[in-house]
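Notes for the one structure printed next.
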Amino acid sequence: INIQGGSNVMTINNIIGDLRAPGASVGDAVRGIGIISTTANSVQKVYYNSIYLNGSSTGATFGNSCIYHTASAISTTSNLDLRNNILINVSTPSGTGRINVIRRSTSSLNNFSASSNNNLMYAGIPGANRILYVDGSNELQTLMDYQAHVVPRETNSVTENPPFISTAGVSGSF
């Protein structure tokens, strides 16, 4: 899902998975939800979505993100409000690529809603290339580090790899 504008956009109750870029050689080749809106004073409400990324690539620097948000140090871009999402990224990074759960374009929290909470996030075993939250200045691998950085946001969020019945979607006719 790619959001490029709008005053108050609601992205609610989507299942996103089985996204692929097998030959990609860029650091953020795949995004579950990409919010690049620069609509001032707007709110991007991302509620009750399930994103499961499990990709790989033959490219030299493959990486991806469940959520990408263009942010700003001042209130000139949309405000991100994340609630009740399941954000799982168990992709295989290559080279200097990183897999991210939440990726923002700046370390400022001005455009990250204080009501963001109750999300389940998982990026695999924490490591230099498995990041829960990255913002250009911070690369936070653990939930504890992430929660401390974004307080009062995400106080009821958790990390685990939940069992999905299917991660490839449904094929065939209905």
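Only loop residues by DSSP count here, and only those with at most 12 other Cβ atoms within 10 Å; note down the GluC sites (Glu not before Pro) in the stretch 102-169 that meet that. Don't skip to the answer; put the middle values down first.
On the way: sites: Glu139, Glu154, Glu160; in loops: Glu154, Glu160.
Passing sites in the stretch 102-169 are Glu160.
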Q) Candidates (1) 16.0; (2) 16.7; (3) 17.8; which is the computed Kirkwood radius over Cα pairs in Å? A) (1)
**Q.** Accessible surface, the chain, averaged per residue in Å² (probe 1.4 Å)
**A.** 47
Q. What part of the accessible area of the stretch 1-130, given as a whole %, is carbon or sulfur when the probe is 1.4 angstrom?
A. 49
**Q.** 20 Å reach of a label modelled at Asn138, 7 Å along Cα-to-Cβ, counting backbone N of the stretch 93-110
**A.** 98-110
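For the stretch 1-145, what is the charge dipole size about the Cα centre, in debye to the nearest 20, if Lys and Arg each add +1 at the Cβ and Asp and Glu each add -1 at the Cβ? Before the final figure, lay out the partial values.
Details: 8 positive and 6 negative charges, 25 e Å.
Charge dipole, the stretch 1-145, about its Cα centre: 120 debye, nearest 20.
The values are calculated or read from the model by the stated rules, or taken from the named source; none is laboratory data. This is a predicted model, so every value here is computed, not measured. Reconstructed Cβ throughout: ideal geometry from the backbone, glycine too, with neighbour counts over all protein chains shown. Surface accessibility is based on the protein's heavy atoms, side chains included, excluding ligands, DNA and RNA. Shrake-Rupley method; radii C 1.70, N 1.55, O 1.52, S 1.80 Å.
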